[in-house]
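A short worksheet on the structure shown next.
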C-alpha cells in the first residue's frame, strides 16, 4: 500500500520528473534526520501547464524521542506535496502544502505551508507548521539564499535560515495522551548551508555541502529533560541521478 502511495504520481501522470540520490547525511534546516548516517532518497514531481504540481519524497531516516511516545522510533520518511508555481519575467514564486509521514512513528507526522520567491539569483523562503514534528510549539522558518554559476557545468549556492518556535524551548506533547513536558523541545536557532554542484556528462551530478547550526537538542528519557549541543558542523557529499518517466 505504501509503495502505491509513493508511486501515485507515476501511476496517474506521464512526464514525471524524478531523481534518486545517495547522501552522506540527511540534513534538513540544520538538523540531521539520520543521526549523521547516510541516506538514500527519491523524489517524484509532476507539473501541469498552468503551474499546478504534485510531488512525493521518500528517504530512510533515523531519530526517536521516548518523551513523545514509546513507539516513536523513526526509520523512514514519506512526504507528499501539492502546490502552484508562477513564473514572471524576473520573479519565480511557488506556494505549496506538504504532509510529512513517518511510518510506524506517526507521532511525528506534520503539516507544512510554504512560500518561496526567487528574484534573479536571490531566494526567499517562508514556512509555517502548527505542530513541529510532535513538539507542541508553532514553528516558523525564514530563509534567504543566493545562487550562482561558476561555468556551464558547475554552480553554487549559500543559504541562511532562522528557525523560530513560539515557546522559548517548545514543549513535548504526546498526540495520544496530550501529556505535556514543559521545557523540552528546541530553542530558536540559525542554520547555514553552503553547497557546490558539478554536473557530469551523463547529466547526473555530485554535490559537496557544508552545514552549520547553533541548535541545541532537548530530549526526554524517563521524564528527565536533558540538553546537549547539536553537532553544528557537517560536511555532506551526494550523488544524484535525474530522469523523466
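The values are calculated or read from the model by the stated rules, or taken from the named source; none is laboratory data. In this text the structure is predicted, and so the values were computed from the model without any measurement. Note: ideal-geometry Cβ built from the backbone for every residue, glycine included; neighbour counts use all protein chains shown.
To keep it simple, each residue is scored yes or no on (1) within 25 Å of residue 44 (Cβ to Cβ); (2) modelled with pLDDT under 95; (3) touching a strand residue (DSSP E or B) at 6+ places or on another chain (Cβ under 7 Å); (4) in a strand (DSSP E or B).
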position	(1), (2), (3), (4)
161	no, no, yes, yes
184	no, yes, yes, no
203	yes, yes, yes, no
220	no, yes, yes, yes
236	yes, no, yes, yes
Would you confirm, using the coordinates I've provided, whether residue 96 is within 30 Å of residue 74 (Cα to Cα), crowded, with 16+ Cβ neighbours inside 10 Å, touching a helix residue (DSSP H, G or I) at 6+ places or on another chain (Cβ under 8 Å) and modelled with pLDDT of 95 or more?
no
Looking at 141, 101, which is the one that is in contact (Cβ under 8 Å) with a residue 24 or more places away in the chain, surrounded by 14 or more Cβ atoms within 10 Å (Cβ to Cβ), closer than 30 Å to residue 89 by Cβ and within 13 Å of the chain's Cα centre (by Cα)?
141
If a residue must be within 15 Å of the chain's Cα centre (by Cα) and either farther than 21 Å from residue 104 by Cβ or modelled with pLDDT under 95 (or both), how many such residues does the range 45-59 contain?
1
The conditions are (1) in a loop (DSSP other than H, G, I, E, B); (2) modelled with pLDDT under 95, and residue 62 fails exactly one of them. Which is it?
(1)
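Residue-wise test of (1) part of a strand (DSSP E or B); (2) modelled with pLDDT of 95 or more; (3) buried (at least 18 other Cβ atoms within 10 Å of the Cβ); (4) touching a strand residue (DSSP E or B) at 6+ places or on another chain (Cβ under 9 Å).
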residue	(1), (2), (3), (4)
150	yes, yes, no, yes
158	yes, yes, no, yes
172	yes, no, yes, yes
178	no, no, no, no
193	yes, yes, yes, yes
Matching residues, the range 41-59, being in a strand (DSSP E or B) and over 29 Å from residue 25 (Cα atoms):
52
Residue under question is residue 30, and the condition is that it be at pLDDT below 95 and either surrounded by 15 or more Cβ atoms within 10 Å (Cβ to Cβ) or closer than 22 Å to residue 211 by Cα (or both); does it hold?
yes
Unique residue being more than 19 Å from residue 42 (Cβ to Cβ) and crowded, with 16+ Cβ neighbours inside 10 Å when the list is 125, 77
125
